[in-house]
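Laboratory data are not the source of any read-out in this text; all were calculated from the coordinates shown. What you see is a predicted model, and the numbers here were worked out from it, not measured in a lab. A quick note on method: Cβ atoms are made from the backbone with ideal geometry, for glycine too, and the neighbour counts reach across all protein chains shown.
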Amino acid sequence: QWGVPSIENLFTDYPQLRMHEADIRARYGMFEKTKMAIEREEGLDRFTHAYKDFGVMMMEDGRVRCMEWIPNARAVYLKGEFNNWNLIPYREVGFGKWELFIPANRDGSCPVRHCSELKIVIETKENQTIERISPWAKYVVQCDHNQGFKWKFWNPPSSQRFQITHTRPRKPDRLRIYEAHIGIASERCEISTYRYFTSNILPRIRDQGYNSLLLMAVVEHSYYPSWGYQVTNYFSASSRYGTPEEFKELVDTAHGMGIYVMLDVMHGEASKNVLDGLNMFDGTDACYFDDGPQGFNNQNDTRVFDYKKWETLRFLLSQLRYYVNEFHVDGFRFNGLSTMIFHDPSKYGQHQLCSRDYQQYFGLAYLMLMNDMLHNVYPNLITIAEDVQGMPALSRPVRDGGLGFDYRLCKDAANIWAKLFSEMCDEEWDMHFIRQMLEENRNAEKRIMFTENHEQNEVGRMTLSRKLIGDSPMSECQQMTSQLDRGLSLYKMSRLLTHAFAGQGFLNFIGNEFGHPDWVELPSPSNNDNYQFARRQFHLADNQQIRYKYLNRFDRVINKTEGRFGWLKSNQAVVTRTHEGDKVMVFERAGLVFVFNFHPTKSYPDYKIPVKQCGSYKILLDTDNNSFGGHSRNQPNVEFHSRNEQFENSPNSMMIYLPSRSGMVLAQSNL
């Protein structure tokens, strides 16, 4: 049995896991054995810097060094525009590795021209001849939309290299995340660019009060509608949006604004593309992947990595260090974890700690190794796990027996609002149900909450804005309808409650800060490459004659208020009152009192609420304020005075005016 240094910390928060202690120790043991073996052989630091050894790169003396791992090769060649496509042979150096040195030109310059095309030619042990792109390629481009990539040698002259000038921001103690897709950031029917995002979207993110940016679909993928989930080229920042230097500029500019930058990565599965991806790179189903049925995820039509293989670990860990070191990325969100955690795809969503499937431990051990390495080398770095049903301890430290993520992305709130808005009329809303769902597992792990993220904005789903507001008239020149009044109120209330109640982070998908009315449908053959719904209409938030401005303004004030009072980094909310008949919920967090009245028609002129601290209270934030599209039924400067009278297990109580379908944040008047 392997010693897990702080396993009792895990059992304190998850006593039900003690019955699976042997499994937890076994996966920890596999992590330790793997880490020690890497350290013994070549050291973890060099092992995870393999992007400096593999691929095609220019050396300081002008020579070009080429290195590939191709275990099924009988012979390997490089060809390209630089030598009129003549074959230059590699030499085998052992363990499936092949190496080639190309001499510098007579003047000492690089023999391979910047941005010239390259290809690897492989003669397999089955006597097949195949052409491939290096898995370590730094830049690939598409000739036609959603077609295969061509590999371009990326080695710009120093005058064309972007020079990073800003230091990284400090690691945030809580996250206000702006989730974005570069390609849809423009208002025009086109694929947007790194430069457009840098100039036009970063200032919006800063001004809205977000301290973190989470970028989707940056790692290269040939099929644009996949949202970046079917990765083909792991070391290439997508050329759809521009060059690697322009991506560096985006990250550096964000840092200059104090914005922490994270990327989506896929280490659970990869694209099945053969000619420009990893699939069948050496002519076999194996190489970086699991050989046989377990190497395929038929549901997603993707390949599944084999975490038992040394070179797979080297490849994936080095990708992370590449983006941190070369682009100064600050953190990662890991998608596709179900494939790694649930070895048998038929068991996705089942509780896997009780599994005796030894193969399952390899994926778990990899995640522990990855998090352990990243956090030891980069203490400022944050890792986020997608929400995985039935997998506790995702965001518990490795030393506790957890997988080591800093946060887990939590879908609970999004599921609550989707159910309430779609399946129940307002009078039937259950306050205890909302409370129970938001409170679930809240103390054991750090969670990032959201009302909707990119998944709720995909084609085939209805955004919250569309559900609540529909086709209501948004122009200030048109009369407010009851549907619009309800929609604006509930949109603001749901975001405030989700932001303030349960998590240590809040995530917003690009455009939802102002209630973007449309879903996202990326151009594909199925929609005739239509870009109509593959853009964000920011003019809706900027136009002062349209009511979207109210939601945008409210979102900004929530973030600025959290920035001032820090409820996301404080202790969890304490619910002081939940009343089913009144449809009221009251809780306190970070010294503030949050009051929500979800009743569609009833306002309460003298509503008694419990408060822990005595004194006078002012309204800090009110969803009903007319500056947010409400009715200002409370005067902005009104004060409420507490009484030393015990109520609902609190030592003090207070009478307030509580309008129907509204939420308020109250602070003591001296704050």
Give me the number: length gained by fully extending Gln544 to Arg195, i.e. 0.36 nm times residue separation minus the C-alpha to C-alpha distance, one decimal in nm. 123.0 nm
Run lengths n ≥ 4 of DSSP H only: what is the helix-derived mean residue ellipticity at 222 nm for the chain, with -39500 (n - 2.57) per run over all residues, to the nearest 500? -7500 deg cm²/dmol
If you add up the charges near His599, with Lys and Arg at +1 and Asp and Glu at -1, over every other residue whose beta carbon is less than 11 angstrom from its beta carbon, what do you get? -1
Mind ordering 152-162, 365-375 by average Cβ neighbours within 10 Å, highest first? 365-375, 152-162
Rounded to the nearest 10, the angle in degrees between the Cα long axis of helix 310-327 and the longest principal axis of the Cα atoms of the chain comes to 60 degrees
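May I ask you to compute the full-extension gain from Glu60 to Ser6, defined as 0.36 nm times their residue separation minus their alpha-carbon distance, rounded to one decimal in nm? Write out the running numbers ahead of the final one.
On the way: separation 54, 0.36 × 54 = 19.44 nm, distance 4.64 nm.
This chain segment gains 14.8 nm when fully extended.
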Check Leu263: other-chain or 5+ apart residues with amide H under 5 Å from its amide H, H built from backbone geometry? Leu215, Gly331, Phe332, Arg333
Return one number: the angle in degrees, 0 to 90 and rounded to the nearest 10, between the long axis of the Cα atoms of helix 244-256 and the longest principal axis of the Cα atoms of the chain. 30 degrees
How are the Cα pair distances of region 397-481 distributed, in percent, across 10 Å bins from 0? 14, 34, 29, 16, 5, 2, 0
How many angstrom separate the Cα center of region 100-145 from the Cα center of region 536-602? 54 Å
0 to 90° range, to nearest 10: angle between helix 360-377 axis and the chain longest Cα axis: 80 degrees
Of the listed peptides 107-118, 222-233, what is their order by residue-averaged count of other C-beta atoms within 10 Å, with the highest listed first? 222-233, 107-118
Express in whole angstrom the spacing between the alpha-carbon centres of region 241-311 and region 365-444. 23 Å
Could you name the lysines whose alpha carbon sits less than 22 Å from that of Lys467, not counting residues in the same chain fewer than 8 places away? Lys411, Lys419, Lys492, Lys549, Lys583
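Around Pro523, with a cut-off of 11 angstrom between Cβ atoms, what is the net charge of the other residues, counting Lys and Arg +1 and Asp and Glu -1? Write out the running numbers ahead of the final one.
Working: positive: Arg535; negative: Glu190, Glu521, Asp529.
Net of charged neighbours comes to -2.
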Around Cys477, what is the net charge, scoring Lys/Arg as +1 and Asp/Glu as -1 over all other residues with Cβ under 15 Å from its Cβ? +1
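Which percentage, to the nearest 5, of the DSSP beta bridges contained in the chain is antiparallel? Intermediate results must be reported in sequence, preceding the final value.
On the way: 73 of 103 bridges.
Once the DSSP bridges in the chain are tallied, antiparallel ones form about 70 percent.
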